[in-house]
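What follows is a set of notes on a single structure, which appears directly below.
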Amino acid sequence: MWLKQSVIAGSLALLFTSAPALAQETAKTIFQAEDIFQLEYANQVSISPDGKYIAYIRNSFDDMKDNTRRSLWLIDTETGQHLPIFDDEFSYGSLAWSNDGTRLAFASNRSEKNQIHVHWIKEQRTAKVTHVNNSPGSISWSNDDSQLAFTMSVNAEPTPFAKSVKKPKKPKGAKWSKSPIIVEEAYYQRDGKGVLEPAHTQLFVVPAEGGTARQLTEGPYRHGGPLAWTEDDSQIVFSGNRSEDWAYQVNESDLYSVSLSSKEVTQVTDKPGRESSPQFSPDGERLAYLHSSNEPVPYHKSQLWVMDWSERSETELQADFDRSFSSPQWTGNESLAVSYADRGKTVVADVTLSNELTNRVDDVSGIYVSRPYTMGSFTASKTGAIAYTKGSEYRPADVGYQPQGGEAVQFTQLNEDLLGHRELGEVHEIRYESRYDGEEIHGWYITPPNYDENKEYPLLLEIHGGPHLSYGPHFAAEHQRYAAEGYVVLYVNHRGSTSYGKDFAMLLDGNYSSPYDFADHMTGIDLLIDKGIADSDNLFIAGGSAGGIATAYAVGLTNRFNAAAATNPVINWVSKVLTADSSIGQITNQFPGMPWEELEHYWQRSPLSMVGDVETPVMLFTGEKDRRTPISETEQFYQALKLQKVDTAMVRVPGAFHGVTARPSNMIAKIEHALAWFEQYKK
């Protein structure tokens, strides 16, 4: 489809009016469960260095395979031409443009295992350039475009214990059970992967036209991207922790450089805390990076630093700015584009070396379609143009583009064929003072389609995860489904949420869950009741992960809710931190000591401590393979409630990890099970 710039700009006025004004020429229906399979969204939006092209991953749901299809598309920013590079049964990601803008590298499973491929834009030819055993990531072109650097996991050598175990020879044709798995690593499991084979991420390079990948780093350490090439392509700068105790040092990493000729690794930074995201200026004279402290606290602000590469002198930019920066990218030798979260929105801004900050766009959004998390991404070109995931309360991410000094435009309308014909609930912003201490709480609520101001509606409080994350004015399939079934849906950024500065984020330090965040939520509920919007006799509560914890905690504090739905909750913090993949990080940053040293503190934060007071019917929804909040947590609450003869149901999702809604059918199942559970307890 070819779209001239004038046509694109002219269409935006229609596209970004409020939801009720869209597609008035056709009769609309409410948002249905099966509509979720038809949603699409843009992700990994990547602009070429000259700003001429935007490549992106087009995500859609496959209703036959029950997974996410990730196809690769290309947009010409001058003409608006929108064409697929690959739209097939394979999956694509990890996009990286060559410096001259003529080639696009990406990772794909189109050649058996996941490999790096390179696509020639003008010639429309593609080649596989790696033949490696594990999945490559953090792809980065050398400045002369002759080589590609990448990271990849490399299996560790067996330990002395593993080598010493005698293994009898299996008779020919015998069918023995699988061999026992030896676990000796401190970090031995990861949600989504299960028990890990001992391995460490290393750096590699490969010729950009294909060949043998050469390993540059070694050792039992943590290495990671992004990868930054020095101007002469002799070294690559990366972030890592090269201590033997790296698994225990969750708040520590430094920048290192590795020589391509000698493979010598040199430490570049040594600040207390984490240095990450290295990016060289186009002339190679300066290195930008992010730094956060090593304080044992749950919130760490990422600060922007610039180093003179030859002198190693450093300057912090925007030191007094009370937001956390991410994704620094040079837009010239004197300025960078960065993103930060502010009051539930993701903002892209320019920061100059003279320490001036100028906001550019604040509608970076839409890459988490089930719930309204503050998530999105952008990339910047050397011309200063940016491309980003552009979304709203009523649409998942499309491809947005803004030239330097120009107006932002939108190149795609991925969901107009569906959502343009649906009557969505209207999203309203809300602010109020918490009854606990007067702290301002910011959030949103959705009123059902065809809302009648003279009626009171059942209210569903839905609580975000983290808890150090945030919701915002972003599309949410789950919330729109609840609204479509007649609920007013309230979701707020309670104390501890990010995007409101350090002080607000730290209000829950050592106090999650607690009566404090509970008061933040209940104040909002009472406000909507007082406004005549919510029916005080029909109150419901739901949340996932940290929101599931808050849900389970809330029903121990009050009997005001008709019913509750807790997804992936933590019920007993002692058992959680000793069985989950996030154990070391949570003990370090969230608790005052080890569980056997601070047992009372762990117990006070645990919903299980108040289970004797629960009378509210509770549905529990958890993936059976969850390693972040293991299903044993759900089982504890289920059995405790059953012992008290409280109405409860445990919904176990086979094969699902902590991201229980990753498959679209499970997203639908989560919503529809909650709706069915709540319907039983409506008055």
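The values are calculated or read from the model by the stated rules, or taken from the named source; none is laboratory data. No experiment lies behind these values; they were computed from the predicted model shown. Using ideal geometry, Cβ is built from the backbone for each residue, glycine included, and neighbour counts are taken over all protein chains shown. Accessible surface areas use protein heavy atoms only, side chains included; no ligands, DNA or RNA. Shrake-Rupley method; radii C 1.70, N 1.55, O 1.52, S 1.80 Å.
Find the centroid of the Cα atoms in the stretch 140-213 and in the stretch 526-567, then give the distance between the two in whole Å. Measuring centre to centre over Cα atoms gives 45 Å.
A crude spin-label estimate for the pair Thr558 and Glu184, with each label 7 Å from Cα along the Cβ direction, gives 5.3 nm.
Could you tell me the relative contact order of the stretch 367-515? Use alpha-carbon pairs under 8 Å, at least six residues apart, and round to a whole percent.
The value is 23 percent.
Once C-alpha pairs closer than 8 Å and six or more residues apart are averaged by separation and normalised to the residue number of the chain, the relative contact order reads 10 percent. Given a cut-off of 23 Å, name the pairs among Lys345/Lys625; Lys28/Lys682; Lys128/Lys193; Lys28/Lys670; Lys65/Lys193; Lys345/Lys502 whose C-alpha atoms lie farther apart than that in the structure shown. Listed pairs above 23 Å: Lys345/Lys625; Lys28/Lys682; Lys128/Lys193; Lys28/Lys670. With θ taken as phi - 60° and the Karplus curve 6.51 cos²θ - 1.76 cosθ + 1.60 applied, the whole-hertz 3J(HN,Hα) list for the stretch 41-51 is 7, 7, 8, 6, 5, 9, 9, 5, x, 8, x Hz, x standing for glycine and proline. The per residue volume of the convex hull around the alpha-carbon atoms of the stretch 502-602 is 110 Å³. From largest to smallest, the equivalent ellipsoid semi-axes obtained for the stretch 558-683 from the alpha-carbon gyration tensor read 26, 20, 11 Å. Of the chymotrypsin sites (Phe, Trp or Tyr not before Pro) found in the stretch 614-683, none is in coil by DSSP with at most 11 other Cβ atoms within 10 Å of its Cβ.
The length gained on full extension between Lys455 and Ala662, counted as 0.36 nm times the residue separation minus their Cα-Cα distance, comes to 70.9 nm. Taking a sphere under 10 Å around the Cβ of Asp100 and counting the other residues whose Cβ falls inside, with K and R at +1 and D and E at -1, yields a net charge of -2. Each principal axis of the Cα atoms in the chain has its own extent, and those three values, largest first, are 72, 72, 59 angstrom. Near Gly472, once Lys and Arg are set to +1 and Asp and Glu to -1 for all other residues with Cβ below 11 Å from its Cβ, the sum equals -2. With a ≥ b ≥ c taken as the square roots of the eigenvalues of the C-alpha gyration tensor of the stretch 389-490, please select rounded if a/c is under 1.5 and otherwise prolate if a/b is larger than b/c or oblate if it is not? Oblate is the answer for the stretch 389-490, as a/c is 1.5 or above yet b/c matches or exceeds a/b.
For a test of the definition: using alpha carbon positions, the gyration tensor, and the 1.5 limit on a/c, classify the stretch 601-660 as rounded, prolate or oblate.
Oblate, since a/c reaches 1.5 and b/c is not below a/b.
Taking Cβ atoms as reference points and 15 Å as the exclusive limit, the residues near Phe321 contribute a net charge of -3, counting Lys and Arg as +1 and Asp and Glu as -1. Could you check how much of the accessible area of the stretch 338-439 is carbon and sulfur, as a whole percent, using a 1.4 Å probe? Reported share for carbon and sulfur atoms: 40 percent. Remark: C-alpha extents of the stretch 72-129 on the principal axes read 36, 24, 19 Å, sorted largest to smallest. Taking the accessible area of the stretch 523-643, probe 1.4 Å, and keeping the other protein chains in place, the carbon and sulfur fraction comes to 48%. Computed about its Cα centre, the charge dipole of the stretch 453-504 is approximately 180 debye, with only Lys, Arg, Asp and Glu carrying charge at their Cβ. For Lys175, a cut-off of 20 angstrom between C-alpha atoms picks up these lysines, skipping any fewer than 8 places away in its own chain: Lys166, Lys167. One Cα centroid belongs to the stretch 283-352, the other to the stretch 451-517; the line between them spans 29 Å.
Note that the stretch 217-289 presents 42 Å² accessible area per residue, ligands and nucleic acids not counted, probe 1.4 Å. Per-residue 3J(HN,Hα) values for the stretch 316-321, derived from phi via the Karplus relation 6.51 cos²θ - 1.76 cosθ + 1.60 with θ = phi - 60°, read 8, 9, 6, 4, 8, 7 Hz in sequence order (x marks Gly and Pro).
Bridgeable lysines around Lys263 (alpha carbons under 20 Å apart, same-chain partners fewer than 8 residues away excluded) are absent.
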